[in-house]
Amino acid sequence: MRIISIAGLILLLISIFAASVSSVDGECAACGTPTSQQDVLNNEWAMFLGKENATAEVMSSTGGLVNPRYNRQNNPSLQAKNSNDSFASVLVPLENANDSGIILDISPDPTEFIPGAVSIPYGSFLNEHKQLKPVSELAQILGKAGISEDDEVLIYGECPNCGGGPSAATYVYWVMKYLGHERVSLLNGGIDDWVSAMQPTVSEPASLSPKNYTPSLKAGLLATYEYVHSTVPKIIDARTAENFKAGSIPNAVNIPYTSVLDGKRIKDEASVQKVFSSLSKDLPVVVYSNAGIEASMTWFMLTLLGYDARIYSWQDWQANLPHINIALQNAYAKPNPAKIGDVVLLTAVFKEKNMSSSSVPETGNRSENQTILTIKGCATCGFGSPQGYADLSQTGGVVKIGSTSQAQKSVAENGFTVSAQILSPSGNTVSKVIMKRIKSDGDEFAGIWNANVAAGVYGVDIIATFGEGTKTFPDAMQIEVANTSKYKNLGNE
């Protein structure tokens with residue numbers, strides 16, 4: 001990264017401004033020199049690239065109308081440079097925005113732009129399933145916007161509906177690093193900061209001539225299922241505590257991506273180091289979220305602090321696991337309310353998800369070649385009981401689920417498990433109950449909980465597991481525990 005004195009910076013800004021005004025395609029004279037070569041974050045902060053002290057007439061020539069909030073008189077100086085050298089080396093401060101090459105706005109629906117910025121909404125890099133597009137398509141998107149692999153790029157943007165904060169900008173930053181782009185950085189601040197600094201905005205993005213973008217893929221930045229499934233990396237779940245509680249990768253540690261933020265800004269380095277103080281730099285780290293967007297925030301900070309980090313998605317993990325297609329039909333406790341010290345019977349009843357007991361239509365509107373199967377048996381038998389193996393040799397349209405060999409029975413009986421997690425009124429886990437199948441061919445499971453707890457209302461999560469697949473049914477029931485005997489034992493079946 002280039003280090004410039006204050007006096008040199010002022011002269012450089014003047015020269016850049018003069019060159020950028022006459023530039024048709026929005027590129028500046030200094031764009032060929034890298035400003036930062038590592039991960040740079042900040043989604044909403046990168047919207048602050050502008051031309052300091054430029055006149056309204058000049059700024060309007062870059063496209064669109066100048067934001068009326070901009071006042072050339074009494075214009076305060078831009079934010080002070082980040083005092084932390086490590087962070088300042090990768091997050092471009094506002095006053096250096098004009099010295100950072102092509103400006104890229106990744107906002108999904110921007111209404112104003114930093115003068116000279118090109119626009120590629122972050123969603124352009126994802127398909128309809130919120131998954132990363134093929135490398136060839138990513139390269140075409142960047143090239144069409146006028147960006148080549150050799151250009152210096154400064155990313156910024158607002159994304160209020162993608163998790164908040166600068167996660168979308170860090171995700172695009174990660175995408176470009178994944179493609180092998182070296183000279184890419186993020187603006188340290190958001191559009192509100194830019195406007196608060198009395199900097200101008202325009203209503204339309206800049207348009208650059210298309211270029212060829214040749215990627216040099218760094219596949220190691222994207223974790224695979226096999227890699228995550230191994231015992232090599234430390235796994236971090238960057239989602240919210242609620243999503244982590246509902247289901248997570250085994251042995252993952254929940255560190256929500258918001259832990260590194262103070263509002264919409266990154267915390268100082270000392271605070272961020274405390275967030276990751278339990279992680280050793282001797283082990284690689286995999287960070288995941290639903291699609292990887294929120295995970296990019298945590299990944300960025302880990303990389304900035306010197307960790308070997310990769311991004312992964314909860315979507316990919318679930319897609320590679322055995323599918324547990326069941327729903328919780330009923331869950332209840334007896335007695336409920338209970339007294340302190342009571343033995344409480346917990347019961348959970350499952351059913352096949354989105355399936356009726358019979359799929360045969362009442363009318364005969366079907367072709368002669370169409371086969372309608374009615375499945376008779378239990379929903380969970382396919383996971384954990386001897387009845388879980390369907391005999392598809394039937395010709396009458398009805399499939400009977402029946403047992404096979406003793407070896408298959410053993411595998412099935414040990415494969416599907418159910419447990420209940422008891423939560424205190426404050427949400428802490430106080431007990432875990434293993435539940436057993438009541439009948440060998442049924443979907444009803446039961447377990448015993450000794451209510452040796454303080455009085456209060458306790459929540460119960462039901463957790464079903466098959467192999468590495470886990471499905472959690474949060475708040476399946478509540479149990480009221482009282483320290484008197486005036487309550488009747490009422491079941492809530």
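Bear in mind these aren't lab numbers, they're just calculated from the coordinates by the rules spelled out. Worth saying up front: this structure is predicted, and the values here are computed from it rather than measured. Here the Cβ is made from the backbone with ideal geometry for all residues, glycine too, and neighbour counts use every protein chain on show.
Below are the figures for this structure:
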| quantity | calculated |
| --- | --- |
| When the stretch 212-324 is reduced to its Cα atoms, the Kirkwood hydrodynamic radius in Å | 14.6 |
| Too-long pairs where the Cα-Cα distance tops 23 Å, listed order kept, from Lys351/Lys436; Lys351/Lys471; Lys133/Lys267; Lys234/Lys436 | Lys133/Lys267; Lys234/Lys436 |
| Amide hydrogen neighbours beyond the local backbone of Leu261, cut-off 5 Å, H modeled | Lys267 |
| Table column - 3J(HN,Hα) (Hz), the stretch 205-220, Karplus curve with 6.51, -1.76, 1.60, x for Gly and Pro | x, 6, 10, 10, 5, x, 9, 8, 10, 10, x, 10, 4, 10, 4, x |
| Backbone HN-Hα couplings from phi across the stretch 434-443 [Karplus 6.51/-1.76/1.60, Hz, Gly and Pro as x] | 7, 10, 10, 5, 6, 10, 5, 10, x, 10 |
| Burial order of peptide ranges 310-321, 216-227 (average beta-carbon count within 10 Å, highest first) | 310-321, 216-227 |
| Under 5 Å, built H, 5+ apart or other chain: amide partners of Tyr213 | Gly143 |
| Distance in nm between pseudo-label sites at Glu226 and Ala241 (7 Å out along the Cβ direction from Cα) | 3.8 |
| J(HN,Hα) series, the stretch 232-238, from Karplus relation 6.51 cos²θ - 1.76 cosθ + 1.60, nearest Hz, glycine and proline x | 6, x, 8, 9, 10, 8, 8 |
| Distant-in-sequence amide H partners of Asn254 (H built 1.01 Å from N, under 5 Å) | Asp237 |
| Distance from the stretch 215-243 to the stretch 300-331 (C-alpha centre basis), Å | 8 |
| Length-normalised contact order for the stretch 222-319 - Cα pairs under 8 Å, 6+ apart - percent | 32 |
| DSSP beta bridges in the stretch 222-319 [antiparallel fraction, %, rounded to 5] | 15 |
| About the Cα centre, charge dipole magnitude for the stretch 238-340 (Lys/Arg +1, Asp/Glu -1 at Cβ), debye | 420 |
